[in-house]
1. Just wondering, is there one or more residues in region A:231-241 that are surrounded by 15 or more Cβ atoms within 10 Å (Cβ to Cβ), more than 16 Å from ligand 1 (Cβ to nearest atom), in contact (Cβ under 8 Å) with a residue 12 or more places away in the chain and closer than 19 Å to A:R84 by Cα?
2. Scanning for something surrounded by 24 or more Cβ atoms within 10 Å (Cβ to Cβ), more than 9 Å from chain A (Cβ to nearest Cβ) and touching a residue at least 24 places away in the same chain (Cβ under 8 Å), does region B:169-179 turn up at least one residue?
3. Which members of region A:137-156 meet the condition of being of a type outside the set (K, R) and touching a Gly at 6+ places or on another chain (Cβ under 8 Å)?
4. Which residue pairs have Cβ atoms under 6 Å apart, sit 6 or more places apart or on different chains, and have a first residue in region A:39-59 that is near ligand 1 (Cβ under 8 Å from one of its atoms) and a second that is assigned to a helix (DSSP H, G or I)?
5. Can you name the residue in region B:25-60 that is touching a residue at least 60 places away in the same chain (Cβ under 8 Å), in a helix (DSSP H, G or I) and open to solvent by 10 Å² or more (accessible area, probe 1.4 Å) and is also farthest from B:H199 (Cα to Cα) among such residues?
6. Please specify each residue of region B:225-242 satisfying the condition of being open to solvent by 10 Å² or more (accessible area, probe 1.4 Å) and over 11 Å from the mean Cα position of the chain (by Cα).
7. Could you tell me which of the residues A:G225, A:G216 is buried (at least 19 other Cβ atoms within 10 Å of the Cβ), closer than 24 Å to A:I7 by Cβ and within 16 Å of ligand 2 (Cβ to nearest atom)?
8. Identify all residues within region A:54-91 that are surrounded by fewer than 22 Cβ atoms within 10 Å (Cβ to Cβ), small (G, A, S) and at the interface with chain B (Cβ under 8 Å from one of its Cβ atoms); write none if there are none.
Amino acid sequence: MLEVNDISLTFNEGTPDEKQALQDINLKLSKGDFVTVIGSNGAGKSTLMNIISGALLPDVGDVQINQKKVTMMPEYKRSQYIGRVFQDPMAGTSPTMTIEENLALAYSRDKKRSLRPGVNKKRRDFFKSALNSLHLGLEDRLSAKVGLLSGGERQALSLLMATFTNPDILLLDEHTAALDPSRAELITNLTREIVEETQLTTLMITHNMQQALDLGNRLIMMDKGQIILDIAGEEKLTLTIEKLLHEFQRIRGEQLGDDRAILG
Amino acid sequence: MFISIFGAIEAGVIYAIMALGVYLSFRVLDFPDLTVDGSFVTGAAVAAIAITHDVSTVLATMLALITGFIAGSVTGLLNTKGKINPLLSGILMMTALYSINLRIMGQSNIPLLNQSTVFTRLSDIWSGLGIDTTLNQGLSAIGASSLPRTWSILIVMLVVTLVIKFITDYYLKTEVGLALRAAGDNEKMIRSFSANTDHLKIMGLGLSNGLVALSGALYAQYVGFADLNMGVGMIVVGLASVIIGESIIGTKSIMRTTFAVILGAILYRIVIALALRSTFLDANDTKLITSVLVILALVIPKLISTHKESKRKRRKRIALQQRAKGEV
Ligand SMILES: Nc1ncnc2c1ncn2[C@@H]1O[C@H](COP(=O)(O)OP(=O)(O)OP(=O)(O)O)[C@@H](O)[C@H]1O
Ligand SMILES: [Mg+2]
């Protein structure tokens with residue numbers, strides 16, 4: 001489904017600010033995989049996602065979606081295959097437009113945009129039933145401007161917009177990190193429900209280790225631009241935070257403890 | 001008095017098309033596009049040259065629209081492909097258009113007084129209909145002393161402007177139109193829903209300046225000449241219309257906002273006409289009046305809402321104090 005082959009990327013090469021963000025990353029996701037990604041600040045998690053989505057181009061290596069090379073495909077074209085939710089709840093929606101207009105924008109993701117109305121009776125019914133699955137009552141506020149919604153509501157809407165057209169790949173970059181604990185839990189549960197139901201191939205970055213353990217069928221840990229741990233299946237089910245910290249120390253020969261952020 | 005306001009409304013309805021263009025760039029795309037000062041004249045120049053070369057008046061006006069579209073697209077190209085910031089892209093294009101407009105016109109002023117224009121053609125057809133006599137009879141019945149020469153310009157331009165308004169309203173609700181609005185609102189987001197924001201912006205600026213040039217072409221035919229300098233400060237006039245209209249009518253929905261913009265353009269012309277009737281202001285002060293108008297339209301609504309807010313708070317405080325007294 002998704003293949004990342006020998007990807008490397010260095011920022012500001014040849015200057016004092018040179019920073020190797022990714023080193024020889026290889027990653028293969030099968031259809032329906034739900035992979036959680038953890039790692040300390042600056043490990044390269046977001047950079048990897050940006051390369052998959054096309055927001056950044058790698059120095060070397062390639063990206064394949066459905067056996068198709070997309071390494072150089074511009075971001076806007078590639079996004080017909082990829083649903084994304086960003087960390088900032090403001091980033092995934094258009095605040096001056098209504099809920100139904102935002103959904104119509106997302107609905108056109110994999111279609112050619114035409115001069116027909118973006119919202120019609122049939123679509124409105126479809127949007128309503130999709131919003132129903134969020135259990136937030138948004139289905140009764142179709143013509144409310146999205147700028148009026150709370151952060152949690154906006155993020156739930158973003159999640160729906162990213163997923164309801166069944167993209168080939170779903171990318172979530174700390175999409176619960178900017179929310180208070182109860183809202184974060186709401187979005188986490190919605191994520192679980194939606195991914196379970198739609199069987200989307202998902203890559204989710206989180207700083208919350210417990211979340212990374214609870215969700216998904218596979219977990220990878222990144223550090224200093226490399227994937228240092230990749231645990232799937234049975235082994236992932238029995239994984240605990242202690243085991244993860246222990247593994248990190250074994251591989252890196254140093255404590256992860258000084259980076260409190262990773263504990264979420 | 002009545003005649004000068006009547007004229008202001010006529011001109012306002014023609015300017016409203018330009019204001020709708022400014023609304024598209026300034027509000028919908030969030031792109032402060034200064035191309036307008038140039039493309040308004042481009043529209044006037046193309047129409048004037050075409051008309052003096054015996055092109056049919058309607059075709060000449062359409063040519064102006066297309067040329068304006070091209071000018072706006074170039075501004076869009078400069079911004080998106082050339083990565084030049086929006087303000088500078090517009091300034092560069094506006095400056096370039098000054099020379100281009102002179103090239104098109106060949107001289108700095110083209111009179112159209114003895115030419116047939118859309119409006120002379122119109123009044124030929126119109127005079128046979130007898131609408132003017134009816135309306136003017138109505139006016140004299142209510143005691144108007146001076147009567148307008150023809151109602152044709154006002155009525156037909158009102159229809160044309162409203163048709164453009166409804167097309168704009170419809171367009172902004174289509175799939176492409178929604179993407180265009182999103183490109184002005186949250187570019188990163190709409191790119192993640194597979195829309196090419198560069199193309200959207202280029203198209204949006206093209207449409208915007210197409211309307212501006214159309215307005216310029218009609219205005220030149222209305223006043224009977226095209227002049228190289230007739231576009232100076234046009235962007236501020238457009239902004240004045242948008243801002244005045246929005247602060248009076250509001251921005252609840254697209255349909256309402258586009259209506260506000262049209263009304264703003266008419267009001268703007270009326271205010272200018274009234275101001276120029278005063279003894280101490282003359283036509284050279286128009287630009288100053290325009291800027292003052294924009295400033296007032298920006299500042300007054302804010303003052304009003306702060307005042308309301310502080311009144312509300314004072315009321316609350318007093319109510320609280322009185323309740324406290326009552327309890328003692
Ligand atoms: N555009 C950029 N220019 C220069 N350096 C960058 C750029 N983007 C990221 N970096 C650097 O690359 C490294 C990896 O950054 P990245 O954002 O991928 O980390 P991350 O794992 O997502 O971290 P976090 O958990 O803090 O979000 C960091 O050291 C960062 O400073
Ligand atoms: Mg990150």
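1. Scanning region A:231-241, I find no residue that is surrounded by 15 or more Cβ atoms within 10 Å (Cβ to Cβ), more than 16 Å from ligand 1 (Cβ to nearest atom), in contact (Cβ under 8 Å) with a residue 12 or more places away in the chain and closer than 19 Å to A:R84 by Cα, so the answer is no.
2. no
3. Within region A:137-156, A:Q155 is the sole residue that qualifies.
4. Pairs found: A:G39/A:K45; A:S40/A:I262; A:N41/A:A261; A:L56/A:N50.
5. B:T52
6. Listed by number, the residues that qualify are B:F225, B:D227, B:L228, B:N229, B:M230, B:V232, B:G233.
7. A:G225
8. The answer is A:A91, and nothing else.
The values are calculated or read from the model by the stated rules, or taken from the named source; none is laboratory data. Please read these numbers as outputs of a predicted model, since none were measured by experiment. Cβ coordinates were reconstructed from backbone atoms using ideal geometry, including for glycine residues, and neighbour counts include every protein chain displayed. When the accessible area is computed, the model is the full protein with side chains, heavy atoms only, and any ligands, DNA or RNA have been set aside. Shrake-Rupley method; radii C 1.70, N 1.55, O 1.52, S 1.80 Å.
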